[in-house]
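The values are calculated or read from the model by the stated rules, or taken from the named source; none is laboratory data. On a predicted model such as this, the values are computed, not experimentally measured, just so you know. With ideal geometry, Cβ positions are generated from the backbone for all residues, glycine too; neighbour counts draw on all protein chains shown.
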Amino acid sequence: MDFELTDDQLELQRTVRDVLDREAPASLARDIAEGSGSADELWATLTSLDWPALCLPESVGGLGRGWVELAVLLEEMGRHVAPGPFAATAAQFAPTVRHAGTPDQQERFLAPVAAAGATGTLAVDEGAGTWDLDQIGASATRDGDSLVLSGIKCFVVDGATAEEIAVVVRIDGGLRVVVVPGEAVVARELDPIDATTRHATIDLEDVRVDSDRLLVGSDSDDAVVRAVQEATVGTAASTLGACQRILELNLDHARERRQFGVPIGSFQAVKHKMADMYCLIERARVLVYFAALVFDSDDDRRVIATSMAKAGAGECQQRCVRDGLQLFGGIGYTWEHELHLFLRRAKIGELHFGSSSSHRRRITRCAMSAL
């Protein structure tokens with residue numbers, strides 16, 4: 001596999017960075033965290049640039065690009081701690097409908113995303129925080145031409161604002177996805193670590209939807225598994241971007257902050273910490289883009305590639321958060337400094353779709369089964 005970005009992908013990266021530098025400064029994230037800002041204008045800009053349609057199939061009006069391009073976008077979104085529904089819509093909802101839906105259902109639910117910036121999200125976990133599909137208890141029951149849902153879903157990104165929610169449920173003896181209108185559920189917003197990423201608990205009890213909202217493009221659990229894998233790597237890419245920005249902020253601080261008449265970046269201990277952060281970020285980047293390449297090539301290493309990407313990004317987050325705060329000292333703990341915005345984004349990314357330790361255990365099981 002070639003881990004180098006192509007010229008087109010590098011141009012995409014530059015374009016995304018330029019747009020987000022202009023449209024999503026840290027001040028926007030701060031305003032939203034303080035309750036005085038909105039991501040609506042940013043989302044309108046991204047929609048006008050066709051970014052939500054970038055990786056959607058051409059059959060629904062998308063641009064038909066691959067997962068590497070989506071990873072580029074998500075990394076830059078994390079690097080700018082950009083708020084809004086892009087990640088949940090493009091990396092969670094869209095892959096779920098693409099894998100689990102029929103062509104007609106893909107047209108129904110994804111064409112509005114491509115054409116008009118409709119928003120969606122994915123609801124998997126039910127409170128354990130493991131995102132283990134074996135623990136799914138939410139269910140759907142057939143009642144004539146309707147489905148009646150029951151259960152709850154926790155930690156749903158944009159769960160209170162998304163127009164459509166892809167809900168993983170048990171029905172007919174397996175795991176399936178029901179696309180539920182956001183207005184049909186009772187959503188309770190959570191007090192998040194990262195206030196720029198809205199999470200909610202949604203109550204599905206006695207929610208009734210038309211039976212044609214059950215995605216029937218696949219009759220196996222594999223479609224759900226693949227969708228969750230892609231959402232997991234999307235989260236890892238965003239975490240990677242936040243870690244990259246933490247390193248950049250520390251580099252700037254090490255050049256400007258002076259002690260004993262010299263920049264603190266000249267001290268060996270500081271150099272070593274930043275070198276370690278850089279190495280962890282580069283390792284995580286390789287793992288994230290390897291997973292993206294696996295998805296694009298429909299490689300059978302999806303399980304281990306997903307867990308390596310998520311574990312690598314999570315371990316990178318742990319070190320960057322710890323050392324980033326230490327290098328900044330007291331100012332890094334203040335609300336006025338922007339560092340905490342990226343620390344929060346990195347931390348929530350490490351927890352979402354499974355912790356580093358849970359993914360390391362999965363890697364171990366994959367390795368042992370290959371012996």
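Restricting to the stretch 260-299, name every residue that is of a type in the set (Phe, Trp, Tyr) and outside any helix (DSSP H, G or I). Walk me through how you get there before you give the answer.
Keep residues of the stretch 260-299 that are of a type in the set (Phe, Trp, Tyr), which gives 260, 267, 278, 289-290, 295.
Scanning the stretch 260-299 gives Phe260, Phe267.
Which residue is farthest from the chain's Cα centre (by Cα), if the candidates are limited to the stretch 94-145 and must be β-branched (Val, Ile, Thr) and more than 19 Å from Gly159 (Cβ to Cβ)? Explain how you work it out, then say what you get.
Here is the first cut: in the stretch 94-145, the ones β-branched (Val, Ile, Thr) are 96-97, 102, 113, 119, 121, 124, 130, 136, 141.
Then drop every residue that is not more than 19 Å from Gly159 (Cβ to Cβ), which leaves 102, 141.
On the way: Thr102: 24, Thr141: 30 Å.
The qualifying residue farthest from the chain's Cα centre (by Cα) is Thr141.
So, of the residues in the stretch 197-217 that are small (Gly, Ala, Ser) and not in a loop (DSSP other than H, G, I, E, B), which turns out to be surrounded by the fewest Cβ atoms within 10 Å (Cβ to Cβ)? Show your work before the answer.
Let us first name the residues in the stretch 197-217 that are small (Gly, Ala, Ser), namely 200, 211, 217.
With the extra rule that they be not in a loop (DSSP other than H, G, I, E, B), the set shrinks to 200, 211.
On the way: Ala200: 26, Ser211: 14.
Checking each candidate, the answer is Ser211.
Quick check: is even one residue across the stretch 162-180 surrounded by fewer than 20 Cβ atoms within 10 Å (Cβ to Cβ), without any contact (Cβ under 8 Å) to a residue 40 or more places away in the chain and closer than 21 Å to Val97 by Cβ?
Scanning the stretch 162-180 turns up at least one residue that is surrounded by fewer than 20 Cβ atoms within 10 Å (Cβ to Cβ), without any contact (Cβ under 8 Å) to a residue 40 or more places away in the chain and closer than 21 Å to Val97 by Cβ.
If you check Thr239, Thr235, Thr306, which single one turns out to be in contact with a His (Cβ under 7 Å, 6 or more places away or on another chain), buried (at least 17 other Cβ atoms within 10 Å of the Cβ) and touching a residue at least 12 places away in the same chain (Cβ under 8 Å)?
On the way: Thr239 fails: in contact with a His (Cβ under 7 Å, 6 or more places away or on another chain); Thr306 fails: in contact with a His (Cβ under 7 Å, 6 or more places away or on another chain).
Within the list Thr239, Thr235, Thr306, the selection yields Thr235.
Among the residues of the stretch 174-212, write down those that are closer than 19 Å to Arg226 by Cβ and more than 20 Å from the chain's Cα centre (by Cα).
Gly174, Leu175, Arg176, Val178
Which of (1) within 25 Å of Asp222 (Cβ to Cβ); (2) touching a residue at least 40 places away in the same chain (Cβ under 8 Å); (3) surrounded by fewer than 23 Cβ atoms within 10 Å (Cβ to Cβ); (4) not acidic (Asp, Glu) is the odd one out, the single condition Met368 does not satisfy?
Result: Met368 passes all but (2).
Looking only at the stretch 44-56, count how many residues are in contact (Cβ under 8 Å) with a residue 40 or more places away in the chain and in contact with a helix residue (DSSP H, G or I) (Cβ under 7 Å, 6 or more places away or on another chain).
Total satisfying the criteria: 4.
For the stretch 253-267, name all the residues that are under 35 Å from the mean Cα position of the chain (by Cα) and either surrounded by 11 or more Cβ atoms within 10 Å (Cβ to Cβ) or polar (S, T, N, Q) (or both).
Initial filter on the stretch 253-267 (under 35 Å from the mean Cα position of the chain (by Cα)): 253-257, 264-265.
If the condition is that a residue be under 35 Å from the mean Cα position of the chain (by Cα) and either surrounded by 11 or more Cβ atoms within 10 Å (Cβ to Cβ) or polar (S, T, N, Q) (or both), then His253, Ala254, Arg255, Arg257, Ile264, Gly265 are the ones that fit.
Among the listed residues Tyr278, Tyr289, identify the single one that is closer than 30 Å to Arg98 by Cα and in contact with a helix residue (DSSP H, G or I) (Cβ under 7 Å, 6 or more places away or on another chain).
Numbers: Tyr278 fails: closer than 30 Å to Arg98 by Cα.
After ruling out the rest, the residue left standing is Tyr289.
If Leu20 satisfies all but one of (1) at pLDDT below 95; (2) buried (at least 17 other Cβ atoms within 10 Å of the Cβ), what's the number of the condition it fails?
Here Leu20 clears every test but (1).
Go through (1) out of contact with any Ser or Thr (no Cβ under 7 Å at 6 or more places or on another chain); (2) over 19 Å from Val179 (Cβ atoms) one by one and return the number of the condition Pro83 breaks.
Of (1) out of contact with any Ser or Thr (no Cβ under 7 Å at 6 or more places or on another chain); (2) over 19 Å from Val179 (Cβ atoms), only one is false for Pro83: (1).
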